[in-house]
Amino acid sequence: MHKIILASSSPRRKQLLEWAEIPFDVIVKDTKEDYPPELPIEEVPVHIARNKALAVQKELSEDAVILAADTVVVLDQTIIGKPANREDAIKTLSALSGRQHKVITGVVILKETMETAFSDTTIVDFHKLTIEQIVFYVDKYKPYDKAGAYAIQEWIGVTGIKSVSGDFYNVMGLPVSRVVKALGG
């Protein structure tokens, strides 16, 4: 198997690959996370993941398999990004409270000139959260680097999520079983 390069600084993606016992190195290049406004929402995370993978591929001289991913949270057909600050995180979680939303992770795997690209969607349903619960979570866990202002594996996921339909690990940032299959494992 070729050497695998994870084109992501996400500690959660790194942890998931480690749990799957996939050997890899991390190389990250700064890339814009923008996308054409007419792009369908379901294609946005694949577009961003592709840009991450291509940025790393340009820098490598060796033959490697590059794995990149991007996760978006979608509520009412609107992408909810990472919160800018405490107030934004509280506002985001208040909007998700008592509601159902989608988590879509786009994955791109580059092997020389071949590309494998797909996305995985998981439906997450939150219980109605009190403002005290939301403030507690934001102040304690500071979810500013997380799409949708939460991490399913943290306190809010354990206490606030009513149901998950689809791949749990997709919500953490990587549909690991699909990635393993795509890598040929």
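Every read-out reported here was derived from the displayed coordinates using simple, explicitly stated rules and does not represent laboratory data. Computed from a predicted model, the values in this text were never measured in an experiment. Here the Cβ is made from the backbone with ideal geometry for all residues, glycine too, and neighbour counts use every protein chain on show.
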Might you report the magnitude of the Cβ-based charge dipole of the chain about its Cα centre, with Lys and Arg at +1 and Asp and Glu at -1, to the nearest 20 debye?
360
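I'd like the projected area of the stretch 1-105, averaged over all directions, using the convex hull of its alpha carbons. Report it in nm² with one decimal. Before the final figure, lay out each step's value.
Details: hull surface 32.6 nm².
Convex hull of Cα atoms, orientation-averaged projection: 8.1 nm².
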Please state, rounded to one decimal and in Å, the Kirkwood hydrodynamic radius that the stretch 3-182 gives when every pair of distinct Cα atoms enters the mean of 1/r.
16.7
Which residue, I4, V158, S177, has the largest displacement toward the positive end of the dipole of the chain when charges sit on each Cβ (Lys, Arg +1; Asp, Glu -1)?
V158
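Within a Cβ distance under 10 Å of P83, other residues only, what is the Lys/Arg minus Asp/Glu net charge?
Once all neighbours under 10 Å are counted, the net charge is +2.
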